[in-house]
1. Quick one: Cα centre-to-centre distance for the stretch 183-218 and the stretch 27-50, in angstrom?
2. Net charge within 15 Å of VAL106 by Cβ-Cβ distance, Lys/Arg positive one each and Asp/Glu negative one each, not counting VAL106 itself?
3. First select every other residue whose beta carbon is under 14 angstrom from the beta carbon of ASN64; then total the charges, Lys and Arg +1, Asp and Glu -1.
4. What whole-number value in Å² describes the accessible area per residue of the chain for a 1.4 Å probe?
5. Per DSSP H run of at least 4 residues, take -39500 (n - 2.57); add these up for the chain, divide by its residues and hand me the 222 nm value, nearest 500 deg cm²/dmol.
6. Just to confirm a number: summing +1 for Lys and Arg and -1 for Asp and Glu over residues other than TYR173 whose beta-carbon lies under 13 angstrom from that of TYR173, what do you get?
7. What does the convex hull of the Cα atoms come to per residue for the stretch 1-113, in Å³?
8. Under 1.5 on a/c is rounded, so check that first for the stretch 105-170, then, if it is not, pick prolate when a/b is larger than b/c and oblate when it is not; a ≥ b ≥ c are the square roots of the alpha carbon gyration tensor eigenvalues.
Amino acid sequence: MKTARLIGGERDYPIGKILCIGRNYADHIAELGNAVPERPIIFMKPASSVIGEGEEIVIPSYSNDCHHEAELALLIGTGGTAIPVDRVMQHIAGYGVAIDLTLRDVQSEQKKKGLPWEIAKGFDTACPLSAFVPAASVPNPQDVRITLSVNGEPRQDGSTALMINRIAELVSYISGIFTLVPGDLILTGTPAGVGPIKSGDKVVAEISGVGRLSVSVA
Ligand code: ZN
């Protein structure tokens, strides 16, 4: 079973649903030539796709274009359905660093055919994840810097201040569709600078005041 570790917490959380938000930063929408969505785009990764600090990404043989997407991850500590916007923060136990690995070539093909994205987003090792810091230790999660480098070369450098749908609105909206339970994770979208990784690369994602996540590509 995959678990999420809350630093200083009494127990690990068995990971439930991993709900991910697509196109939540204008600069990333522009770089892929997509349109700004009317409502948040939601997709899921299975818990089986999670790997931790120091582990290896295995790019599936059916792709030649695996992209990194550094994202702020939320750990749900208290469940709820249709959580009001002004109550959302009480449901978040911690914040972590995630990389939403995406097989861009496969995703493009699926999009073109109107097919679901899971095989491009939910494969084994598709969700590198750090430990979570307690929510109380991040005074303003809506204003933290997200960076990602590959082999020491900077690729992504953004801020959660640039989210289109902010954390409180996102979680409230999502919980109106999917009841949230402790151990569910929400990946809040990626800023610009996404790009390919290949065998042998070392990928480091960092969110100021939240953590650092280092993984390599097998
Ligand atoms: Zn993403």
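1. Each part reduced to its Cα centre gives a spacing of 15 Å.
2. Values: positive: LYS45, ARG104, LYS111, LYS112, LYS113, LYS121; negative: ASP65, GLU69, ASP100, ASP105, GLU109, GLU118, ASP124.
Charge balance in the 15 Å sphere: -1.
3. On the way: positive: ARG104, LYS198; negative: ASP65, ASP105, GLU109.
After counting each charged neighbour, the total is -1.
4. Working: 9350 Å² over 218 residues.
For the chain, the solvent-accessible area averages 43 Å² per residue.
5. Details: 4 runs with 29 residues, N = 218.
Rounded to the nearest 500, the figure is -3500 deg cm²/dmol.
6. On the way: positive: ARG39, ARG166; negative: GLU38, GLU169.
Once all neighbours under 13 Å are counted, the net charge is 0.
7. Working: hull volume 17.4 nm³, N = 113.
Cα-based convex hull of the stretch 1-113, divided per residue, equals 154 Å³.
8. Values: a/c = 1.94, a/b = 1.59, b/c = 1.22.
Verdict is prolate for the stretch 105-170.
The values are calculated or read from the model by the stated rules, or taken from the named source; none is laboratory data. Worth saying up front: this structure is predicted, and the values here are computed from it rather than measured. Positions of Cβ are backbone-derived with ideal geometry, glycine not excepted, and every protein chain shown enters the neighbour counts. For the accessible areas, the whole protein counts, side chains as well, though only heavy atoms, and no ligand, DNA or RNA atoms are used. Shrake-Rupley method; radii C 1.70, N 1.55, O 1.52, S 1.80 Å.
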